[in-house]
Amino acid sequence: MSAAEPLLIVNGLLVLPEGPLVKGAILCEDGKIAALGDIKRREGVALADANGALIAPGLVDFGVFAIDKPAFHFGGITRAALMPDQSPVLDHPARVRFAAQSGKPDLWVHPLAAATRGLEGVELAELALMRDAGAKAVATGRQWISDSGTMARLLRYAAMLGLVVVAHAEDGGLTGNAVATAGEMATRLGLASAPSEAEALAVARDIALAEMTGARLHLRQVTTASALTLVCAAKQRGVAVTAGVTPAHFMLSDLAIGDFRTFARMSPPLRCEADRQAVLEALADGTIDVIGSGHDPRGPEDKRLPFADAEPGMAGAETLLPLTLNLVRDGVIDTARAFALLAGNPARLLGVEAGALSVGMEADIALVEPERPWIVDSDRMAASAGNTPFDKQPVQGRVTALWKGGAALG
């Protein structure tokens, strides 16, 4: 993408990192944010009128399983942190380097290096070489590393390299082949289930090892009250731990699987209503740091199967923003906090100068009409597959314009 001409976006509401929305303009030069506030247009600067919309940072989607540009651009996503669960696995510098280039010119792709060779949880991968090839963090993938010695070595090595370790938090010894959370719903449906404590056990172990090694740990999805209590306590002790969640786990409970609907087959599985309420509280009080889409488009060959045989995951990029804005309308969080969860905090985990409207940051910018209504339709989504549990649901919030490095997209 060639260097964008200077751009002035006027007549909008600036979503700043802190505080209320502010009427004003934003100036972009040389791919960076040059000024904010009351700005006079000068000769040679292109003009865009926000028409009262939110001027917000482009979203930084942390932990996607596929690069899906049309869906990302529809959803206002300008950067995506790609999980290592690819084919082949991102456990080699050349693969990481290729992944880092795969979004150009109109999307930033930030690969997460596989923690272990083949994501098998046994032998550490070449983390230093992959960092030099463009990896922005290290991830255990879809699975928990069961061997505590291996996990300790990973955390210690990642701390030396200055990389965050992104962990999946479910004790595989307890989850086994479970496809649901143990409880009334799983029992009624006759589904193989695992206790929610599988998450808390994994979180407790990984937090203890992070505290011991001084490493930075990001728990990609924390979905139960007991695990969130552990995260909150660790933060209060000063442990460098952060937590994420997807909209499915703050919008839905395990009631959503009541008709064996495979679009609601998730990993981790949907939880009981009490856990969903605990997630909402954790979003409000700061225990949860990141909301990611978990974007994982799955076609009919993976979803049109018996519930126990279907693959977990959802196409989440297009609904990430409107579902998060539900939290603002419901008074759970404010707009600034919403974009911190969607952009600012994930950008900090990746160590990139983006995700916030601040002078000097990358000019990745979205215009958002937060009240604009639309209907989620799995048959008409921009994603490569429309496996969303929110099919036919009315939502509010649409991105009407998007810039990456000051250059218009779409």
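The values are calculated or read from the model by the stated rules, or taken from the named source; none is laboratory data. From a predicted model like this one, the values you see are computed outputs, not experimental measurements. Note that each Cβ is placed from the backbone with ideal geometry, even for glycine, and that neighbours are counted across all protein chains shown.
Key figures
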| quantity | calculated |
| --- | --- |
| Filter result (small (Gly, Ala, Ser) and in contact with a His (Cβ under 8 Å, 6 or more places away or on another chain)) within the stretch 74-91 | Ala80, Ala81 |
| Matching option when the condition is surrounded by 20 or more Cβ atoms within 10 Å (Cβ to Cβ) and not β-branched (Val, Ile, Thr), among Leu124, Leu47, Leu129, Leu59 | Leu59 |
| Residues within the stretch 79-114 that are modelled with pLDDT under 95, in contact with a helix residue (DSSP H, G or I) (Cβ under 9 Å, 6 or more places away or on another chain) and among the small types (Gly, Ala, Ser), tallied | 1 |
| Any hit, the stretch 73-88, residues being over 20 Å from the mean Cα position of the chain (by Cα) and either without any contact (Cβ under 8 Å) to a residue 40 or more places away in the chain or surrounded by 20 or more Cβ atoms within 10 Å (Cβ to Cβ) (or both) | yes |
| Residues satisfying the stated conditions in the stretch 189-203, i.e. surrounded by fewer than 19 Cβ atoms within 10 Å (Cβ to Cβ) and either in contact with a His (Cβ under 6 Å, 6 or more places away or on another chain) or in contact (Cβ under 8 Å) with a residue 12 or more places away in the chain (or both) | Leu189, Ala192, Pro195, Glu197 |
| Close pairs (9 angstrom Cβ cut-off, 6 or more residues apart or separate chains): at positive phi in the stretch 358-385, of a type in the set (A, V, I, L, M) and crowded, with 16+ Cβ neighbours inside 10 Å anywhere | Gly360/Ile33; Gly360/Ala34 |
| Evaluation of Asp309 against (1) in contact (Cβ under 8 Å) with a residue 24 or more places away in the chain; (2) more than 21 Å from Arg337 (Cβ to Cβ) (one fails), failing number | (1) |
| Which numbered condition Lys104 fails, given (1) out of contact with any strand residue (DSSP E or B) (no Cβ under 7 Å at 6 or more places or on another chain); (2) charged (D, E, K, R); (3) outside any helix (DSSP H, G or I); (4) crowded, with 19+ Cβ neighbours inside 10 Å | (4) |
| Where Ser148 falls short, out of the listed (1) among the polar types (S, T, N, Q); (2) surrounded by fewer than 18 Cβ atoms within 10 Å (Cβ to Cβ); (3) modelled with pLDDT of 95 or more; (4) closer than 24 Å to Glu353 by Cα | (4) |
| Subset of the stretch 145-167 (residues that are closer than 20 Å to Gly294 by Cβ and in contact (Cβ under 8 Å) with a residue 60 or more places away in the chain) | Val164, Val166 |
